[in-house]
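Chemist: Could you have a look at this structure, given as structure tokens, before my questions?
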Amino acid sequence: MKKKNNKKYIVLIIVIIIAIMLGITVKDVKEDKKLNFFEKAIKDSGTLVVRITSIPFKFTKEKIIDHKEKNKMYKEYKKLKNKAAKSDSYLAEIRELQSEITNLKKQLELDSVNSEYTYIHASITNRNVNSWYNTLTIDKGSKKGVKAGMAVVVNEGLVGKVIKVSNFTSTVKLLTTDELSNKISVKVNLSDKSVYGLLANYDKKCGCYLIEGISESDEIVEGSQVVTTGLSDSFPSGILLGNVSKVVMDKYDLTKVVQVKPSVDFNNITLVSVLKREAK
């Protein structure tokens, strides 16, 4: 018991000494007066004590931060590892599907299928502020094989289609334009089937595409993917447009109108790819 009490007294004395030294130091700073030898010694001793006592706290703080960073890095590593494993699985599936497509084409004597295309990569050279959501210009034209009607995409999905072509540049009409000149054939991929419709317009108020021509009896699930069909236009099939965000009835209460949130951020487009569909 005496040893414990002695330790308490020692700690208390040290705390009081530190408090006195800090008090003197603060007072000296405030009064901005010249220090004598005794005051200088106390101030220097106080500073030294504060530095020494702060070392373990700094060390502990650094270790805690280091531990948190390591945990964070480990979690990120596990996420990346899982993604890599999934990517390997997807690549294996893609190779298998490509092999099946090749075999089916040989058996059915087909030159191509709707999902086949090659990429023509391009950069945006001009995008007028006044027509920001209507058109943009790319640096590839007929010399590189670009033709009017070809689909234009980014990694996230469909952007629009080529409407004008010169030798070295092309004009792309965006899906966010005020009015689509031609409706695009699309399908909503559900768990057990696909429901077909037409991309008719883009609604700036909700920031979504409007899909029309879907029967009232079809149950559309929010979050379902919407992709191109490759039918009745020059677009290949399977290009992502976005996900279903809402389903409403048309003004006549006859068919459903599906609102689709675009997968593409149209404010952040710098590089695109023109899809050249394989000739049949």
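Chemist: Can you name the residue in region 164-223 that is in a loop (DSSP other than H, G, I, E, B) and among the basic types (K, R) and is also surrounded by the fewest Cβ atoms within 10 Å (Cβ to Cβ) among such residues?
Modeler: The residue in question is K205.
Chemist: Does region 170-180 include one or more residues that are farther than 25 Å from N130 by Cβ and out of contact with any helix residue (DSSP H, G or I) (no Cβ under 7 Å at 6 or more places or on another chain)?
Modeler: no
Chemist: Are any of the residues in region 233-240 assigned to a loop (DSSP other than H, G, I, E, B), under 25 Å from N130 (Cα atoms), out of contact with any helix residue (DSSP H, G or I) (no Cβ under 8 Å at 6 or more places or on another chain) and not assigned by TED's automatic domain parsing to the domain that holds L158?
Modeler: No: zero hits.
Chemist: Related question: Would you confirm, using the coordinates I've provided, whether V153 is surrounded by 18 or more Cβ atoms within 10 Å (Cβ to Cβ) and in contact with a helix residue (DSSP H, G or I) (Cβ under 9 Å, 6 or more places away or on another chain)?
Modeler: For V153, the condition - surrounded by 18 or more Cβ atoms within 10 Å (Cβ to Cβ) and in contact with a helix residue (DSSP H, G or I) (Cβ under 9 Å, 6 or more places away or on another chain) - is not met.
Chemist: Looking at (1) at pLDDT below 85; (2) closer than 15 Å to G160 by Cβ; (3) not hydrophobic (A, V, I, L, M, F, W, C), find the lone condition where T255 falls short.
Modeler: With (1) at pLDDT below 85; (2) closer than 15 Å to G160 by Cβ; (3) not hydrophobic (A, V, I, L, M, F, W, C) applied to T255, the lone miss is (2).
Chemist: Look at region 124-145 and say how many of its residues are charged (D, E, K, R) and either under 17 Å from D178 (Cα atoms) or part of a helix (DSSP H, G or I) (or both).
Modeler: 3
The values are calculated or read from the model by the stated rules, or taken from the named source; none is laboratory data. Quick caveat: nothing in here was measured; it's all calculated off a predicted structure. Please note: Cβ atoms are built from the backbone with ideal geometry, for glycine as well, and neighbour counts cover all protein chains shown.
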